[in-house]
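This report concerns only the one structure given below.
FYI, it's all coordinate maths here, none of it is from the lab. Because the structure is a prediction, the values reported are computed rather than measured. All Cβ positions, glycine included, derive from the backbone under ideal geometry; neighbour counts span all protein chains shown.
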Amino acid sequence: MGGWDILFPECEMEGIGAGEANAAVLRWLDEWNPEVVLCGAIAFPSGAACVRWARRHRRPVVVFDDARRGDVPRPWLVNAIKRCIYRNVDAMLLPAPSHADDYASWGVRRERMFFGVNVVDNEFWSAAAGRARAQADALRSASGLPSRYILAVGRQVPKKNLRCLIDAYARFRQKAEGAVPDLVLVGEGPERQALEEQVAGQAVIGVRLLPFADPAKLALYYALADALVLPSLAGETWGLVVNEAMACGVPVLVSRSCGCAKTLVEEGRNGWTFDPTDVSGLSGLLARMNAMSAEQCLAMGNASRMIIANWGLVRFAQGVLAAIDAVKGEHRGFRSPIDRVILSLWKGRYRPT
């Protein structure tokens, strides 16, 4: 058996109440009666419901998550409740060992941590980028892209720190001698108008804001870019656009606040990391990138492709299978009566960012 069951096909996620979502997931689990449950984060209604169902029915449950303690500061009481819930999870599927200490602090045993969340289909991105480069001049002209540009991709919200990026780019451009790449921002979000006003108000030359793009279009943007920059503040639990850009063979400049920074960026080999609050430092990195030769940029892009090769769909599948193998056959209930009460009350919630 396989396939998808969509429980709310006509609804947006924000319009589904936590209680309604929990009830629907519990009914679905009762119908399918799985031997092992694999679910998303306990912060969401689906994850909360899956853990509750697994403990009630004495089935093992594996939760995949990528949140870190610093991403969303929580009061001590919330962390205590989170520890209670994690006591009732049999294994975790995390992005990388860089996240292990955070989950250990919530009481997850290290031998029950497995890795492989936050991968992309590397083959899709690499092939699409190759096709785009083979027609670079024609596609660049048809898409209205500049001859050279630095790319930023993501939802335009405060934590993406795009205002800082524009300030850094403006400073870089003012000091640069000779030709410089443009800055292309791809995405939508509540900060769009403010970003447009910032560019106009500061009379920043060379900044283009493009709308949300589907994967095929996005692969084109990656393929023809000098580099990807992800300047996010705290709250960027990973940053999958970095995976995508690296699979396309692009150098990356990544904020140290991003969950992927320690794992995917090898300083000076495929890019650099930076302090997202340091406008001058980011401006300097943009200048450093601009000073590189075409051969150096190509070598960095090739290094990106080599590094990300180990972070594809196979890695996710291997992590899932290892976690399932570790927990299958276990049949335990709630850790304590208090945990039963907490899991009965916690329904999860959706917090758009």
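The table that follows gives values for the structure above.
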{"item": "Environment charge of Val250, counting only residues whose C-beta is closer than 10 Å and scoring Lys/Arg +1, Asp/Glu -1", "result": "-1"}
{"item": "Relative contact order of the chain, pairs being alpha-carbon contacts under 8 Å that are 6 or more residues apart, as %", "result": "24 percent"}
{"item": "Mean Cβ neighbour count within 10 Å, used as a protection proxy, ranking 33-39, 139-145 highest first", "result": "33-39, 139-145"}
{"item": "Dipole of the chain [Lys/Arg +1, Asp/Glu -1 at C-beta], most positive-end residue of Gly312, Gly47, Leu285", "result": "Gly47"}
{"item": "For the chain, calculated [θ]222 nm from helices alone, where every DSSP H run of n ≥ 4 adds -39500 (n - 2.57)", "result": "-14000 deg cm²/dmol"}
{"item": "Cut-off under 5 Å, modelled amide H: who pairs with Val186 long-range", "result": "Ala152, Val153, Gly154, Leu210"}
{"item": "Unit charges at the beta carbon, dipole of the chain: most positive-side option, Ile6, Asn302, Pro251", "result": "Ile6"}
{"item": "Acute angle (nearest 10 degrees) that the helix 215-224 long axis makes with the longest principal axis of the chain, alpha-carbon atoms", "result": "40 degrees"}
{"item": "Distance (nanometres) between label positions extended 7 Å along Cα→Cβ at Ala234 and Glu123", "result": "4.1 nm"}
{"item": "The chain: most fluctuating residue of Leu195, Leu77, Leu151 per GNM, C-alpha cutoff 10 Å", "result": "Leu77"}
{"item": "Fluctuation leader among Ala213, Ala234, Ala200 - the chain, Gaussian network, Cα springs under 10 angstrom", "result": "Ala200"}
{"item": "Computed over region 122-308: relative contact order in percent, which uses C-alpha pairs under 8 Å that are six or more apart", "result": "25 percent"}
{"item": "Among Val119, Val63, Val341, residue whose mean-square fluctuation peaks in a GNM of the chain (springs only between Cα atoms under 10 Å)", "result": "Val341"}
{"item": "Helix 192-201 axis, angle to the chain major axis (alpha carbon atoms, nearest 10°)", "result": "20 degrees"}
{"item": "Unit charges on C-beta of K, R, D, E only; dipole of region 122-308, Debye", "result": "60 debye"}
{"item": "Overall form of region 122-308 per C-alpha gyration tensor (a/c, 1.5; a/b vs b/c)", "result": "rounded"}
{"item": "Calculated diffusion of the chain, Stokes-Einstein form, Kirkwood radius summed over Cα pairs, 4 °C and 1.567 mPa s, µm²/s", "result": "59 µm²/s"}
{"item": "Too-long pairs where the Cα-Cα distance tops 30 Å, listed order kept, from Lys217/Lys262; Lys82/Lys328; Lys82/Lys217", "result": "Lys82/Lys217"}
{"item": "Stretchable slack from Gln135 to Ile205, in nm (0.36 nm times residue separation minus alpha-carbon distance)", "result": "22.5 nm"}
